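No lab work stands behind these numbers, since they all come straight from the coordinates. From a predicted model like this one, the values you see are computed outputs, not experimental measurements. Don't worry about glycine lacking a Cβ; one is built from the backbone with ideal geometry, like all the others, and counts go over all protein chains shown.
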Amino acid sequence: MIPPGSTIGIIGGGQLGRMLCQAASQLGYKVNVYAPDPDPPAASVASLYVCADYGNTDALAAFAADCDVVTYEFENLPVDPLETLGDQLQPTTASLAIAQDRAHEKRFIEEQGGKVAGWHIIDSADDLDAAAEQLGYPLVIKSRRLGYDGKGQAWVREHAQLMDAWEAIDREPAIAEAAVDFLAEFSILVARKANDEMKVWNAPRNIHDGGILRRSEVPAGHPVDQQVDEAVAIACKLASEMGHVGVMAVEFFATENGPLINEIAPRVHNSGHWTIEGALTSQFEQHVRCICDLPLGDTGLVAPHVTMDNLIGSEVESWERLLGEEDAHLHLYGKREARPGRKMGHVTRLG
């Protein structure tokens, strides 16, 4: 057990790191943050901010030497430098190695009995034709690495668009994935300790626009409620087989034939932001409990209905109106520039 008063290190300085800092501080931990950016959102709430490159093993070692445990807030990190931290890093790089590569991720899911949409590896132009023959149209080309919020993806609805779609992601190693006729999108958030003790939250129904999460809503309602048990079972199995310590999210499509897994995020997740006010224990506090080997908290709801809406780009300018809204809980991330498509904050409402 790593008791309160110890130091937690967080690699990554975005809004997820910021909210992890806030949750850890509430439990009495000192939190140090490491990232290459000059002024990231987490820096203003950390005890110490180290600005250095993710691949700088000397700087990482010096950072870790001042911490009792180190975690990360997003998965697009170089694995080899982080492996030098050994078991001090929780979750370990095993989770990163699986989730960073869409092909590895889909193979892993299928090996554990999970269901995914039809897919095909794209390494050459010949693979494009083979994928189209196997999957049909429409299909989506996704880069194998570094994709998030709809980035690194291009849709193909006819043969003439195949090469253009691959060109749109700079001919990066990719996968082609069949379109999914889904009824709803939802996620399962799992918190796992090293002893395989796990807790899950109510499944949020997720609504996306342009690949970006716009809203999460609990309870999820029909048809998600009828598919949650199956989804929870496979999500917990994935967390256990990965040896994942901490919170991870598994994103699902609810279909006529049951839940299909879209992807794994081996970290706290945007679709779990509602848990800060909407659950007895937030995903951020639970992550701290997991990596420090503390007792896990209750994940039950504190209200019969909870919604979380992201504030994207200039929508953050509505902060004053939102502050005057009853039952609304506003979170601003402290980002200086409200670029289109950029997550600037979120608001949670308890019904």
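Coupling constants for the range 77-82 follow from the phi torsions by the Karplus curve (6.51 cos²θ - 1.76 cosθ + 1.60, θ = phi - 60°), and in residue order they are 10, x, 6, 4, x, 5 Hz; glycine and proline get x. Using only Cα coordinates, the Kirkwood hydrodynamic radius of the range 95-237 works out to 16.7 Å.
What are the DSSP H helices in the chain that stretch 24 Å or more along their long axis, judged by alpha-carbon atoms, and whose average Kyte-Doolittle hydropathy comes to at least -1.0? Please report the intermediate quantities before stating the final value.
Numbers: long enough: 224-242 (26 Å, 0.36).
Both cut-offs are met by 224-242.
Compactness check for the range 258-351: Cα Rg over 2.2 N^0.38 Å is 1.22. The share of Cα pairs per 10 Å bin across the range 265-313, counted from zero up to the longest distance, runs 25, 49, 22, 3 percent.
In the calculated pair-distance distribution of the range 118-178, the portion above 18 angstrom amounts to 18 percent of the Cα-Cα pairs.
Please give the net charge around ASP68, taking every other residue with its beta carbon less than 14 angstrom from that of ASP68, where Lys and Arg add +1 and Asp and Glu add -1. Spell out each step's value before the answer.
On the way: positive: LYS30; negative: ASP66, ASP87, ASP293.
Summing Lys and Arg as +1 and Asp and Glu as -1 gives -2.
Sparse packing (at most 16 other Cβ atoms within 10 Å of the Cβ) combined with a DSSP loop state is found for the following GluC sites (Glu not before Pro) in the range 221-309: GLU256.
Using just the helices of the chain, give the 222 nm mean residue ellipticity in deg cm²/dmol: DSSP H runs with n ≥ 4 each add -39,500 (n - 2.57), and the total is spread over all residues, rounded to 500.
Numbers: 11 runs with 98 residues, N = 351.
About -8000 deg cm²/dmol.
Reported to two decimal places, what Rg/Rh ratio describes the chain when computed on Cα atoms with Rh from the Kirkwood expression? If you can, show how the numbers build up before the last one.
Details: Rg = 19.9 Å, Rh = 20.8 Å.
Value, to two decimals: 0.96.
Just to be sure I understand: of the beta bridges DSSP finds with both ends in the range 7-89, what percent are antiparallel, rounded to 5? It would help to have the intermediate numbers written out before the result.
Working: 0 of 14 bridges.
Here the antiparallel bridges make up roughly 0 percent for the range 7-89.
Please go through the range 74-175 and write out the GluC sites (Glu not before Pro) that DSSP classes as loop and that have at most 12 other C-beta atoms within 10 Å.
Working: sites: GLU75, GLU83, GLU105, GLU110, GLU111, GLU133, GLU158, GLU167; in loops: GLU75, GLU158.
Hits after loop and neighbour filter: GLU158.
When its C-alpha radius of gyration is set against 2.2 N^0.38 Å (N residues), the range 181-284 gives a value of 1.00. Across the range 261-275, rounded Karplus estimates of 3J(HN,Hα) from the backbone phi angles (6.51 cos²θ - 1.76 cosθ + 1.60, θ = phi - 60°) give 7, 8, 6, 10, 10, x, 5, 4, 9, 4, 6, x, 4, 4, 5 Hz, Gly and Pro being marked x.
Please find the FRET efficiency linking GLU197 to ALA65, where r is the Cβ-Cβ separation and R0 is fixed at 51 Å, and quote it to the nearest 0.05. Could you put the intermediate results ahead of the total?
Numbers: r = 29 Å, r/R0 = 0.58.
Once the sixth-power term is evaluated, E becomes 0.95.
Pairs of Cα atoms nearer than 8 Å and 6+ residues apart set the relative contact order; for the chain it is 15 percent.
Based on the alpha-carbon set only, what is the convex hull volume of the range 7-89 divided per residue, in Å³? Walk me through the intermediate numbers first.
Working: hull volume 6.3 nm³, N = 83.
Normalising the Cα hull of the range 7-89 by residue number yields 76 Å³.
The phi torsions of the range 163-176, fed into the Karplus equation with coefficients 6.51, -1.76 and 1.60 and a -60° offset, translate into couplings of 5, 4, 5, 5, 4, 5, 10, 6, 6, 5, x, 9, 10, 9 Hz, rounded to whole numbers, with Gly and Pro shown as x.
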